[in-house]
Amino acid sequence: MLSNDFSLDAKSIHKLSSKGLSVKTLKEQINEDLELLLQLWHSQGLEILKQQGSFYFATKFIPLKDAEFCIVDIETNGSKIEKHQIIEIAALKIKDGKIIGAFDSLVHCKEINSHISEITGIAAEDTKDAPTLKQVMYDFKNFLADSVFIAHDVKFDYKFISQSMQKMGLAPLLNRSLCSLSLAERTIESYRYALSYLNEVFSLHPSATHHRAMSDVLTTYELFKLSLTNLDESIKSVEDIIKFSKEAKMLKRPKFDPLLKENQK
């Protein structure tokens, strides 16, 4: 039976994104039919291809202008996957800086505490006619396909969605991911990098409603475009920008908060 997990060691994953992984090394780490496993991984959003005898992430060869990025945001009724769930999810699919698709849905939820409702403006009553989590996860998985998953502080959204899919009997996500917060820290000089703060400083989405999924996605979309304008010309491919977002030197933050100065005027 094929595994649902991308169970390669960190060194091998790095090679897939850089100089390539040999057939021998790949087969040493799996106990399954390689061709079937590659098909399974592709169904989970990860395409691995063979070039000149070695395996690579397909994203190593995809120029930024040709790549499909999917900017995602979720609202949940708590932070623990064991007892909480997604109550709203939104996403925009982007190619060459332009929106080519949108996904936006509330999720049926029987219980949302007052604190969460105060933050998001979403009450359980608002979700009574919304589709189930299983349906939304299935539809979102089809929308996401093999796009590069982007979110602000991507680990939370990616992990929560992937684990939600598993709870609903679907396979976990394996899409390549990019953190818009980490990218901003290396391309945009700011005192803070919270999405609401960046929006206020740079007027990314003037009519934003913070903590509503599509509004935050639109803000992140504008932030991502701003980051792209400040990228070094040497960054050509999807894997280049992923590496840059993780390894490049962070910009020096200003000593004083410019918003405080504005408020003091």
Review point. How many times 2.2 N^0.38 Å is the alpha carbon radius of gyration of the stretch 1-105?
Key: 1.33
Review point. List the aspartates and glutamates whose alpha-carbon lies under 12 Å from that of residue 167, not counting same-chain residues fewer than 8 positions away?
Key: 82
Exercise for review: Pull up the DSSP beta bridges for the stretch 64-247 and report the antiparallel fraction as a percent, rounded to 5.
Suggested key: 75 percent
Exercise for review: Consider just the alpha-carbon atoms of the stretch 10-61 and return their Rg together with their Dmax, both in angstrom.
Suggested key: 10.2, 28
Exercise for review: Using the structure shown, select from 15/83; 24/95; 60/225; 60/159; 24/236; 95/246 the pairs with a Cα to Cα distance greater than 31 angstrom.
Suggested key: 15/83; 24/95
Practice item. Return the sequence-ordered ³J(HN,Hα) values of the stretch 45-53 in whole Hz as given by the Karplus equation 6.51 cos²θ - 1.76 cosθ + 1.60 applied to θ = phi - 60°, using x for Gly and Pro. Key: x, 10, 9, 10, 10, 9, 9, 6, x
Revision key, fill the gap. For the stretch 64-247 the mean separation of alpha carbon contacts under 8 Å (6+ apart) over residue count, i.e. relative contact order in percent, is 23 percent
**Study point:** Distant-in-sequence amide H partners of residue 102 (H built 1.01 Å from N, under 5 Å)
**Key:** 93
Practice item. Any lysines with Cα under 18 Å of the residue 128 Cα? List them, leaving off those in the same chain fewer than 8 positions away. Key: 110
Check your understanding: Okay, helix-only estimate at 222 nm for the chain: each DSSP H run of n ≥ 4 adds -39500 (n - 2.57), divide by all residues, round to 500 deg cm²/dmol; what do you get?
Key -> -11500 deg cm²/dmol
Practice item. Pull up all non-local amide H partners of residue 76: gap of 5 or more, or a different chain, and H-to-H distance under 5 Å with H placed in the peptide plane. Key: 87
Review point. Considering only 25, 162, 109, whose Cα is most displaced toward the positive end of the charge dipole of the chain, charges sitting on Cβ of Lys, Arg (+1) and Asp, Glu (-1)?
Key: 25
Review point. When the dipole is taken about the Cα centre of the chain, and only Lys, Arg (+1) and Asp, Glu (-1) are charged at their Cβ, what size is it in debye, to the nearest 20?
Key: 820 debye
Revision key, fill the gap. Whole-percent tail of the Cα-Cα distance distribution for the chain, cut at 29 Å, equals 37 percent
Check your understanding: Can you list the residues, at least 5 places off or on another chain, whose amide H is less than 5 Å from the amide H of residue 112, using H built in the peptide plane?
Key -> 124
Review point. Which of the GluC sites (Glu not before Pro) found in the stretch 165-234 are in a DSSP loop and have at most 16 neighbouring Cβ atoms, other than their own, within 10 Å?
Key: 189, 233
Practice item. Would you mind ranking 198, 226 by Cβ crowding within 10 Å, fewest neighbours first? Key: 226, 198
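Values in this text are rule-based calculations from the coordinates and carry no lab data. In this text the structure is predicted, and so the values were computed from the model without any measurement. Here the Cβ is made from the backbone with ideal geometry for all residues, glycine too, and neighbour counts use every protein chain on show.
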